[in-house]
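Beneath this line is the structure, given in structure tokens, with notes to follow.
The values are calculated or read from the model by the stated rules, or taken from the named source; none is laboratory data. Fair warning: this is a prediction, and the values are worked out from it, not measured in the lab. All Cβ positions, even for glycine, are placed from backbone atoms using ideal geometry, and neighbour counts span all protein chains on display.
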Amino acid sequence: MDIENKARLNEEISRSKREERIVLYIQAFSWIVNCVMLMMKVVATYLSRSLAIGASLCDSTVDLCVQIVLLISDRVAKEKSPQYPRGRTKYQELGILVCACITFMVCVEIVQYSVIDIYARETGRQYHLLVGPVVYLMMSAGGFLKICSYLLCDFFEEENTITSPSNTH
């Protein structure tokens with residue numbers, strides 16, 4: 001009986017290590033996708049001068065900020081010390097609050113810039129978009145990467161905030 005328990009325990013430990021490795025690969029893939037998309041959107045925004053693509057650039061920037069905040073808050077929450085024997089679990093909630101604040105600030109900036117742009121157009125400033133095949137290709141590739149990232153993260157989704165980056169996709 002004792003040998004069976006040890007075998008089950010070893011199997012559970014190896015499964016846990018395998019899941020941790022998968023989570024690390026998913027996190028790395030998510031980081032790479034978000035960084036590539038951010039660079040593509042910087043170029044597309046510069047080439048097109050489009051406010052919509054600029055807003056999408058802000059979204060990608062927020063995605064990266066959210067990943068950084070969740071990574072830090074999750075690692076801090078998992079740390080245990082004699083002073084905090086149960087860990088610092090409230091840091092995850094604080095991280096989510098920080099993410100909401102970042103998102104709100106970016107939304108306010110986008111609305112503010114949109115109002116300024118609309119006012120400038122109403123007062124006679126002409127504005128020409130330079131949207132061509134390169135911009136369409138970059139934005140389509142970005143959308144495809146985002147969908148692939150979401151599907152991959154959703155397939156391996158767990159309860160933990162850091163192991164569920166599909167929420168940011």
- request: Output the number of residues of segment 121-154 satisfying the condition of being over 28 Å from the mean Cα position of the chain (by Cα) and at pLDDT 80 or above.
  value: 2
Single match in S60, S50 (criterion: within 9 Å of the chain's Cα centre (by Cα) and under 13 Å from M139 (Cβ atoms)): S60
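Would segment 22-41 turn up any residue that is among the small types (G, A, S), touching a helix residue (DSSP H, G or I) at 6+ places or on another chain (Cβ under 7 Å), part of a helix (DSSP H, G or I) and within 28 Å of V98 (Cβ to Cβ)? First the steps, then the outcome.
First, the residues of segment 22-41 that are among the small types (G, A, S): 28, 30.
Filter again for touching a helix residue (DSSP H, G or I) at 6+ places or on another chain (Cβ under 7 Å), leaving 30.
Narrowing the set further to residues that are part of a helix (DSSP H, G or I) leaves 30.
From the residues that got through so far, the ones that are within 28 Å of V98 (Cβ to Cβ) too are 30.
Yes, segment 22-41 has at least one match.
Only residues that are assigned to a helix (DSSP H, G or I) and exposed (fewer than 12 other Cβ atoms within 10 Å of the Cβ): list them for segment 107-146, please.
Our first condition is that a residue be assigned to a helix (DSSP H, G or I); within segment 107-146, this holds for 107-122, 133-146.
Result: V108, V111, Q112, V115, I116, I118, Y119, R121, E122, P133, S140, F144.
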field: So I32, is it surrounded by fewer than 14 Cβ atoms within 10 Å (Cβ to Cβ) and under 15 Å from the mean Cα position of the chain (by Cα)
entry: yes
task: Please go through segment 15-29 and pick out each residue that is under 16 Å from I72 (Cα atoms) and among the small types (G, A, S).
output: A28
task: State whether one or more residues within segment 71-80 are out of contact with any Gly (no Cβ under 8 Å at 6 or more places or on another chain), of a type outside the set (V, I, T) and part of a helix (DSSP H, G or I).
output: yes
